[in-house]
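The values are calculated or read from the model by the stated rules, or taken from the named source; none is laboratory data. Every value quoted in this text rests on a predicted model; they were computed, and no experiment measured them. Positions of Cβ are backbone-derived with ideal geometry, glycine not excepted, and every protein chain shown enters the neighbour counts. For the accessible areas, the whole protein counts, side chains as well, though only heavy atoms, and no ligand, DNA or RNA atoms are used. Shrake-Rupley method; radii C 1.70, N 1.55, O 1.52, S 1.80 Å.
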Amino acid sequence: MTSLLDYAPIAATCFAVPEFLPQIRKLAATRDTTGISWSWAALTSVNNAAWSAYFMLARYWTALIPSCSATVLAGTLAAMLTRRGQARLRPATVISVWAAMLTGAYGIAGRTGLGTLLTAAFVLQVTPSIWAAYRTAHPTGISAGTWLLTFGELACWLAFGLHHSDPRLITLSALMLARICWTGSRQQRIAPRDLTLAQ
């Protein structure tokens, strides 16, 4: 029997599809890269491409929409940051090695190996954005709109993971929700004027 929570990915999609657009729009308008991590954008694009493969193999068809959207839009953000001189050789090399590891995990252990590696290495993805946001006294380049949409998306995935008892989705969602709350509280203290979806 279908539960209401089975439709959580649809709600997540509504938050996830446009979630990078506020950040892309703000960067295009202001050219302010302060507090934005190129590594985070690039890793998000790579990891969501891998999550798209995972969701396809698991037949979570609705989940493909936000993961594919994040792949494209985070890749667009990474490209914009690259044009503004934010890309560095060492992080790019690490990300390339990580992409190769994801491919290897799938080749060795299939969907289970891919999902486990993605969840186990989630800290790798969020660390650059945490570092960039917290080492900057005034991260004026960060768009609050992007993180508010991300909060809504991950809340939906947490509910979906609990409903289906999927430890990978539960862990991913719980970690990201904690990270967003942490970053959001700092932004409110140091840059309250930035808390609008339009930026």
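Assorted remarks:
- Contour excess over end-to-end distance, with Cα ends at Ala92 and Thr136 and 0.36 nm allotted per residue: 13.7 nm
- Nonpolar atom fraction for segment 34-127, defined as the carbon and sulfur part of the 1.4 Å probe accessible area, stands at 68 percent.
- Charge dipole of segment 1-119 (Cα centre as origin; +1 on each Lys and Arg Cβ, -1 on each Asp and Glu Cβ, all else neutral): 420 debye, rounded to the nearest 20.
- Look at the Cα gyration tensor of segment 6-140: its axes a ≥ b ≥ c give a/c of at least 1.5 with a/b at or below b/c, and that counts as oblate.
- Rounded Å value of the spacing that divides the Cα centres of segment 85-114 and segment 1-53: 19
- Extension gain for Arg84 to Leu57 (0.36 nm times residue separation, less C-alpha to C-alpha distance): 6.1 nm.
- Neighbourhood charge, 13 Å Cβ-Cβ cut-off, centred on Met80 and excluding it, Lys, Arg +1 and Asp, Glu -1: +4
- Label-to-label distance for Asp32 and Asp6 is 4.6 nm, based on points extended 7 Å past Cα in the beta-carbon direction.
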